Amino acid sequence: MFNQDTIYAPATPVGSGAVSVIRISGPSSLEFVDKLVSFRKGKAVESKGYEIKFGEIPGLDEVLVSLYRAPHSYTGEDAAEISCHASAYVVGEILQRLGELGCRMADPGEFTRRAYLNGKMDLAQAEAVADLIAADSQAAHKLAFSQLKGGYSEEFRQLRAQLVELASLVELELDFSEEEVEFADRSKISELLDKARVKVDSLKASYKVGNAVKSGVPVAIVGAPNSGKSTLLNALLGEDRAIVSDIPGTTRDTVEETMVLEGVRYRFIDTAGLRESSDTIEQLGIGRSLEKLRSAAIVICVLDACDSPSARTEVVRQVLAEVSRDQKVIFAQNKCDLMGSSPGLVCDSAHFTHQAPDFDPSVCDLAGFTHQPIPISALKGEGLDDLRRAIGECGFGLGSSDGAVVTSARHYQALCEASSDLGAASDALKAKLPGDLLAEDLRSAIRALGSIFGEITSDELLGEIFSKFCIGK
Ligand SMILES: Nc1nc2c(ncn2[C@@H]2O[C@H](COP(=O)(O)OP(=O)(O)OP(=O)(O)O)[C@@H](O)[C@H]2O)c(=O)[nH]1
Ligand SMILES: [Mg+2]
């Protein structure tokens, strides 16, 4: 047990609702509860394990109190949860009385911090609690929940164990270095090191998806003025969010709105049409469009079927010149309702492809793109299912991987450190440098990985992590 005092905090938001919960944790929890509540039968301190007791706070409310004996509670300490009627007055009164009795109001995240310090969960699990509370889509929830259940930490533990094994081989060699024997089999070391590097790098790479899923996958809608980008945003959202007009250059600033598709939250960003402009405000808007285009995980490039093939090719060129290899680009040919029956469109697209012979799909990872844009009509709502399917195929969905997916910037940072340490170790090995240099790099990588699940932590780090929690968690 690390903490001696007893803390309390509301665990539910105060407002209208049926029930509010106030949480108490620490060695004197049950005594405080007995001072506050008259139970119909017995006393809280007589409770041996989990128990729910009915009682009354004289003159204030009837309550149900859940009692937990250490270590069988969330925090690992003696704890209680008072369920009262959700009245701001009742809750405020209970909190005040607990304070007067000598209980201390908890800091943000203090309950979870105690759970971590008392060994109820590791640090990655504790962080997952905050992520789980914040999760607003099925995908974000799935990642947070699997981290909470410990599978995530287990992958890092195994990886760290591999490195410890590796380091011990190197240390063994060091122990015997006086005798100038190369004790450890360097090819075995090299093999283990390569394996660990592959794993670290794949975990590092997972952050791209993990971070996008946690904060919403950014999808930029770009294209020429008047091509129907704002109409498309509205059609996808099913509401009139962005202003639409037949005047090119209608959208000046970016318009952003989130939406969940197949359990994944996407942030759709409508942008100003790309063109040469002498208007200062429009130029600023186009600058923002380009920023959003470069930073999006997915780019929907809207082509106007009414534009000339060369104009469309120019837009495609411009977009492909801006995107990087790890972005997904979907081409949608809009206004297909104006093209008559579909053969006209196919013919038109073929022409368009012909106009861009130097199209190199490998320039970027073109999801579902086969030189044939997806025909849509944003106005009539046609082809939107195909577009949504293409978005789903960009790989941010749930089925993409069962392994650990990194969602935390802190964990990503630790992986970057481990990756660079392992790179240095690998170079040292290749250059046949002395074992102690190799050992130092490995130790540093082991420390970095251990910091993810809290093998060694500082008070400062814990303070930073738990300060982001809400009170009462
Ligand atoms: N027939 C038809 N018209 C469309 C379609 N999509 C958009 N339009 C029309 O095209 C015009 C421009 O639409 P917007 O959505 O404002 O175009 P935009 O790309 O946002 O234009 P800027 O903001 O100026 O860059 C409007 O008159 C729309 O009604 C479509 O699928 N079919
Ligand atoms: Mg617009």
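The values are calculated or read from the model by the stated rules, or taken from the named source; none is laboratory data. Fair warning: this is a prediction, and the values are worked out from it, not measured in the lab. A quick note on method: Cβ atoms are made from the backbone with ideal geometry, for glycine too, and the neighbour counts reach across all protein chains shown.
Entry remark, segment 126-139: residues being over 22 Å from T12 (Cβ atoms) and either crowded, with 21+ Cβ neighbours inside 10 Å or assigned by TED's automatic domain parsing to the domain that holds E262 (or both) number 2 in total. Selection within segment 229-244: residues that are under 28 Å from the mean Cα position of the chain (by Cα) and within 10 Å of ligand 2 (Cβ to nearest atom). The member of this set that is farthest from A332 (Cα to Cα) is A242. Scanning segment 242-277 for residues that are away from ligand 1 (no atom under 13 Å from the Cβ) and under 24 Å from R389 (Cβ atoms) yields E256, E257, T258, M259, V260, L261, E262, G263, V264, R265, Y266, R267.
Of the strands (runs of 3 or more DSSP E) lying entirely inside segment 1-119, those carrying at least 3 residues that are of a type in the set (A, V, I, L, M) and touching a residue at least 40 places away in the same chain (Cβ under 8 Å) are 19-25, 79-85. Among the residues in segment 72-91, are any under 30 Å from D459 (Cβ atoms) and surrounded by fewer than 17 Cβ atoms within 10 Å (Cβ to Cβ)? The answer is yes; a qualifying residue exists. Filtered by the rule that a residue be crowded, with 17+ Cβ neighbours inside 10 Å and of a type outside the set (V, I, T), segment 295-310 gives A296, A297, C301, L303, D304, A305, D307, P309.
When V198 is tested against (1) touching a residue at least 12 places away in the same chain (Cβ under 8 Å); (2) more than 10 Å from ligand 2 (Cβ to nearest atom), exactly one condition is not met: (1). Checking each residue in segment 93-119 for being among the polar types (S, T, N, Q), over 17 Å from S20 (Cα atoms) and surrounded by fewer than 22 Cβ atoms within 10 Å (Cβ to Cβ) picks out only N118.
Please enumerate the residues belonging to segment 207-241 that are in a loop (DSSP other than H, G, I, E, B), within 15 Å of ligand 1 (Cβ to nearest atom) and in contact (Cβ under 8 Å) with a residue 40 or more places away in the chain. Correct list: A224, P225, N226, S227, G228.
Is it the case that some residue within segment 226-238 is at pLDDT below 90 and out of contact with any His (no Cβ under 8 Å at 6 or more places or on another chain)? Taking every residue of segment 226-238 in turn, none turns out to be at pLDDT below 90 and out of contact with any His (no Cβ under 8 Å at 6 or more places or on another chain).
Against the test of being of a type in the set (D, E), in the same structural domain as L232 (by TED's automatic domain parsing), modelled with pLDDT under 90 and surrounded by 13 or more Cβ atoms within 10 Å (Cβ to Cβ), the options D360, D365 yield a single qualifying residue, D365. Answer with yes or no whether V90 is in contact with a strand residue (DSSP E or B) (Cβ under 6 Å, 6 or more places away or on another chain), of a type in the set (A, V, I, L, M, F, W, C) and within 27 Å of S20 (Cα to Cα). Against the criterion (in contact with a strand residue (DSSP E or B) (Cβ under 6 Å, 6 or more places away or on another chain), of a type in the set (A, V, I, L, M, F, W, C) and within 27 Å of S20 (Cα to Cα)), V90 qualifies.
Take R267 and decide whether it is among the basic types (K, R), touching a Pro at 6+ places or on another chain (Cβ under 8 Å) and surrounded by fewer than 22 Cβ atoms within 10 Å (Cβ to Cβ). Spelling it out, R267 is indeed among the basic types (K, R), touching a Pro at 6+ places or on another chain (Cβ under 8 Å) and surrounded by fewer than 22 Cβ atoms within 10 Å (Cβ to Cβ).
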